[in-house]
Amino acid sequence: AVFSKLENLVREMQVYESGVPVRSQKLFLTSIPAAFMGYDLIEWLMDRLCIEDSLEAVHLANLLCQFGYYFPVSEQKNLLVKDDSSLYRFQSPYFWPSQHHTPDNIEYTIYLYKRAQKNKKIHGLEPGLPDYENDALNHLKRILANKWDFVVMQAEEQMKVAKGRQKGDKIINESQEKAYWRVYKPPPGYNTLVENPPVPLREQKVRARRNNKEMLKHEIQFMSNYLE
């Protein structure tokens, strides 16, 4: 219910005629596609929700940012919105919190592998990742040793598909994927608001049942009666 309210508001933000102005922005002779400015977002929230105090609008804007509905274009460690000309980009609905269970290790490993390959090509580094992501990739490579060929195959296929996209679309897609993992796998020292859903998933219920001594006794008794 909470995500539904948040996402209805974000959808309104993206309406072409009445939403937050999104366009290609110029930054130091570089064109930034599909971006909007912080003060445009704050002004829109104040008008749409009849907010009189800009600090309240900034607070709401920050919450939406930390839940991953949009993200800073140039700085993705701090998921903060400033009431100035800083640039932000809307996240793809595919990556919205309501659409995803907690991502698994294979998805994260594929993402890290792609990042490592791209950075290696650009900078000639091995593997070309920040220390915490490099450590995570090495750890995942060990625990997923029997699935490593599958990880590489999936990553190579995704990179092949990305290569066929137009430059602007490629920039947008890569930034959205990076922002998604910033929310779910934040750098050391940074927090995330996205947690497991308050309603237990089926596998969580099964796990809880198996860890419950009384439930196990009842299950054993039931199975014994059934066998008899």
What's the total number of residues in segment 50-82 that are open to solvent by 30 Å² or more (accessible area, probe 1.4 Å), touching an Asp or Glu at 6+ places or on another chain (Cβ under 9 Å) and part of a loop (DSSP other than H, G, I, E, B)? 0
Based on what the data block shows, is Ala179 closer than 30 Å to Pro93 by Cα and either at pLDDT below 85 or surrounded by 10 or more Cβ atoms within 10 Å (Cβ to Cβ) (or both)? yes
Any residue in segment 142-157 that is over 19 Å from Ser92 (Cβ atoms) and aromatic (Phe, Trp, Tyr)? yes
Flagged in segment 94-114 as free of Cβ contacts under 8 Å to residues at least 40 places away in the same chain and part of a helix (DSSP H, G or I), in numbering order, are Tyr94, Gln99, Asn105, Glu107, Leu112
I'm checking my understanding of the structure. Among residues of segment 83-101 that are surrounded by fewer than 17 Cβ atoms within 10 Å (Cβ to Cβ) and out of contact with any Leu (no Cβ under 9 Å at 6 or more places or on another chain), which one is modelled with the lowest pLDDT? His100
Mind checking which pairs have a first residue in segment 1-28 that is hydrophobic (A, V, I, L, M, F, W, C) and a second that is loosely packed, with under 12 Cβ neighbours inside 10 Å, Cβ under 8 Å, 6 or more apart or different chains? Leu27/Ser74
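The values are calculated or read from the model by the stated rules, or taken from the named source; none is laboratory data. Values in this document were obtained by computation on a predicted structure and should not be read as measured data. All Cβ positions, even for glycine, are placed from backbone atoms using ideal geometry, and neighbour counts span all protein chains on display. Quick note on the areas: whole protein, heavy atoms, side chains included, nothing else; ligands and nucleic acids left out. Shrake-Rupley method; radii C 1.70, N 1.55, O 1.52, S 1.80 Å.
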